[in-house]
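The values are calculated or read from the model by the stated rules, or taken from the named source; none is laboratory data. Quantities reported herein were computed from a predicted structural model and do not represent experimental measurements. Quick reminder, even Gly has a Cβ in these numbers, built from the backbone with ideal geometry, and neighbours come from all protein chains shown. Surface accessibility is based on the protein's heavy atoms, side chains included, excluding ligands, DNA and RNA. Shrake-Rupley method; radii C 1.70, N 1.55, O 1.52, S 1.80 Å.
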Amino acid sequence: MNFEYSEKTIELQQKLTAFFEEHILPVEEEVNAFLYNPDNRWKPWPGMEDLKTKAKAAGLWNLFLPKSYGTLSPGLTNLEYAPLSEIMGRILWSSEIFNCSAPDTGNMEVLAKYGSPEQQKQWLKPLMNGDIRSAFLMTEPQVASSDATNIETSIIKDGDEYVINGTKWWSSGGMNPHCKVAIVMGKTNPDAPRHQQQSMVLVPMDTPGLKIVRPLSVFGFYDSPEGHAEIVLDNVRVPKENLILGEGRGFEIAQGRLGPGRIHHCMRLIGIAQRSLELMSKRAAERIAFGKTFKDYSSIRQEIAQSQCEIEQARLLTLSAADKMDKFGNKASKDLIAMIKIVAPNMALAVIDRAMQIHGGKGVGPDTPLAHFFVAARMLRLADGPDEVHMYQLGKSVIKKYSE
Ligand SMILES: Cc1cc2nc3c(=O)[nH]c(=O)nc-3n(C[C@H](O)[C@H](O)[C@H](O)COP(=O)(O)OP(=O)(O)OC[C@H]3O[C@@H](n4cnc5c(N)ncnc54)[C@H](O)[C@@H]3O)c2cc1C
């Protein structure tokens with residue numbers, strides 16, 4: 001692959017960085033104070049819509065979608081998008097300003113790729129406009145959901161409708177008052193071959209029978225206003241036209257969704273790690289103990305050097321995965337996607353941990369983004385597939401490659 005960024009990427013990188021400096025960094029503390037205040041839980045920060053309007057006007061909108069959809073996306077490749085997503089990763093809530101946040105990006109990819117013209121008109125258009133938000137309901141409390149064939153929620157045809165029953169949890173975005181639709185995975189035919197039992201269906205959040213049971217916190221963080229919801233679906237009825245692609249096609253859609261979604265998480269993790277490195281370097285240059293500035297201790301230089309090496313390794317692996325996805329498609333790139341999904345969260349955790357240590361008590365408190373970064377990176381060792389599941393698949397693929 002060519003490691004040079006294209007002219008288009010460089011131009012967008014500069015534009016995005018300038019947008020951050022002018023509009024986002026100056027309000028970072030204010031937004032954090034708002035979002036971490038329990039009195040504001042599930043309320044979006046009031047200035048968010050204004051920033052979205054500005055981002056849209058600047059052409060920094062829907063940058064994630066590889067192929068153009070109407071006029072609402074510039075149609076960047078994964079390779080072109082990677083460094084832009086990295087910049088957005090530097091602040092946990094900033095991707096939404098550019099309509100590039102999970103789980104909406106994955107859901108928009110599903111609708112753009114597999115949605116009917118009616119589904120696209122009803123849900124994709126408002127999602128791409130940033131008028132509504134969405135959730136993806138796959139994981140269930142009662143079964144090991146890292147093996148998606150275990151998903152038990154039933155989606156049963158009844159005349160012109162589907163009737164849905166089941167319990168979901170860790171539905172990210174489900175608490176957001178702007179979340180209007182969920183993509184729900186469940187079984188339409190438990191007797192079909194293992195990978196043809198599951199289907200995906202669109203469920204408006206206000207459908208009778210859909211009940212939010214509770215928000216789930218992650219190490220005490222609620223990730224407001226998106227949140228992670230536990231949801232019960234009790235005889236939820238939707239028109240048969242809400243089924244995506246067709247009965248038994250759920251697995252196919254899940255594979256199509258998770259490839260890009262996984263690499264987007266990794267790109268943001270590189271941004272998280274890069275910012276942590278910058279924070280620890282700054283701290284090392286100004287703090288003094290035992291008569292020496294931290295930056296002059298060999299052990300601290302080693303921690304910083306090690307972090308720089310690991311970030312660059314993960315960045316190049318991410319770019320390599322993005323390049324292969326662009327050239328050969330998501331399926332052909334599955335091993336590289338697995339590699340980066342294993343590497344990026346663990347790399348970020350190691351770098352953030354060093355940054356917290358160099359900051360002393362401040363590193364684990366509320367005055368730096370490091371504690372929340374740590375939590376975000378930790379949960380990404382689970383979300384979109386635990387490390388072990390990616391290793392299980394990757395190991396199988398590598399053994400096959402060298403043993404046949
Ligand atoms: C903050 C957060 C946000 C999330 N957002 C969403 C969302 O929006 N939508 C959604 O549907 N889900 C979401 N998830 C759920 C996430 O994808 C699942 O938690 C994950 O897939 C694991 O499923 P499980 O929790 O059922 O764990 P299980 O399937 O029970 O697995 C538990 C553990 O078993 C081990 N294990 C499993 N398989 C193997 C193997 N083959 N080899 C060795 N060890 C193995 C792993 O250590 C794994 O972590 C989110 C999770 C979190 C924490």
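Filtering segment 341-360 for residues that are free of Cβ contacts under 8 Å to residues at least 12 places away in the same chain, under 30 Å from residue 294 (Cα atoms) and within 24 Å of the chain's Cα centre (by Cα) leaves an empty set. Quick check on residue 102: is it open to solvent by less than 30 Å² (accessible area, probe 1.4 Å) and within 16 Å of the ligand (Cβ to nearest atom)? So residue 102 fails the test.
Per-residue answers, yes or no, for (1) more than 12 Å from residue 357 (Cβ to Cβ); (2) charged (D, E, K, R):
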residue: 277; (1), (2): yes, no
residue: 280; (1), (2): no, no
residue: 283; (1), (2): no, yes
residue: 286; (1), (2): yes, yes
residue: 294; (1), (2): no, no
residue: 300; (1), (2): no, no
residue: 314; (1), (2): yes, no
residue: 324; (1), (2): yes, yes
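Among the residues making up segment 80-114, those that are within 14 Å of residue 133 (Cβ to Cβ) and assigned to a loop (DSSP other than H, G, I, E, B) are 93, 99, 100, 101, 102, 103. Taken over segment 131-172, the criterion of being within 11 Å of the ligand (Cβ to nearest atom) and in a strand (DSSP E or B) is satisfied by 134, 135, 136, 137, 168, 169, 170, 171, 172.
For every residue, the table says whether it meets (1) touching a residue at least 12 places away in the same chain (Cβ under 8 Å); (2) open to solvent by less than 40 Å² (accessible area, probe 1.4 Å); (3) part of a helix (DSSP H, G or I).
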position	(1), (2), (3)
212	yes, no, no
234	yes, no, no
248	yes, yes, no
270	yes, yes, yes
279	yes, no, yes
283	yes, yes, yes
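Checking the structure you have, find out if any residue of segment 190-202 is open to solvent by less than 50 Å² (accessible area, probe 1.4 Å), among the β-branched types (Val, Ile, Thr), touching a residue at least 60 places away in the same chain (Cβ under 8 Å) and assigned to a strand (DSSP E or B). No, because not a single residue in segment 190-202 is open to solvent by less than 50 Å² (accessible area, probe 1.4 Å), among the β-branched types (Val, Ile, Thr), touching a residue at least 60 places away in the same chain (Cβ under 8 Å) and assigned to a strand (DSSP E or B). Could you tell me how many of the residues in segment 152-170 are surrounded by 24 or more Cβ atoms within 10 Å (Cβ to Cβ) and under 22 Å from residue 385 (Cα atoms)? Matching residues across segment 152-170 total 1. Within segment 294-303, does at least one residue satisfy the condition of being of a type in the set (Gly, Ala, Ser) and within 20 Å of residue 87 (Cα to Cα)? No, segment 294-303 contains no residue that is of a type in the set (Gly, Ala, Ser) and within 20 Å of residue 87 (Cα to Cα).
Taking residue 266, is it part of a helix (DSSP H, G or I) and without any contact (Cβ under 8 Å) to a residue 40 or more places away in the chain? In short, no. Scanning segment 105-126 for residues that are over 13 Å from residue 73 (Cβ atoms), in contact with a helix residue (DSSP H, G or I) (Cβ under 6 Å, 6 or more places away or on another chain) and within 16 Å of the ligand (Cβ to nearest atom) yields 106, 110. Checked against (1) on the phi > 0 side of the Ramachandran plot; (2) in contact with a Cys (Cβ under 8 Å, 6 or more places away or on another chain), residue 159 meets all criteria but (2). Comparison of 303, 312 shows that the only residue that is in contact with a Lys or Arg (Cβ under 8 Å, 6 or more places away or on another chain) and either assigned by TED's automatic domain parsing to the domain that holds residue 397 or aliphatic (A, V, I, L, M) (or both) is 303. In segment 64-85 there is at least one residue that is open to solvent by less than 20 Å² (accessible area, probe 1.4 Å), among the polar types (S, T, N, Q), out of contact with any His (no Cβ under 7 Å at 6 or more places or on another chain) and within 14 Å of residue 260 (Cα to Cα).
Has segment 68-79 got any residue that is in a helix (DSSP H, G or I), under 25 Å from residue 226 (Cβ atoms) and not assigned by TED's automatic domain parsing to the domain that holds residue 317? Yes; the residues of segment 68-79 include at least one that is in a helix (DSSP H, G or I), under 25 Å from residue 226 (Cβ atoms) and not assigned by TED's automatic domain parsing to the domain that holds residue 317.
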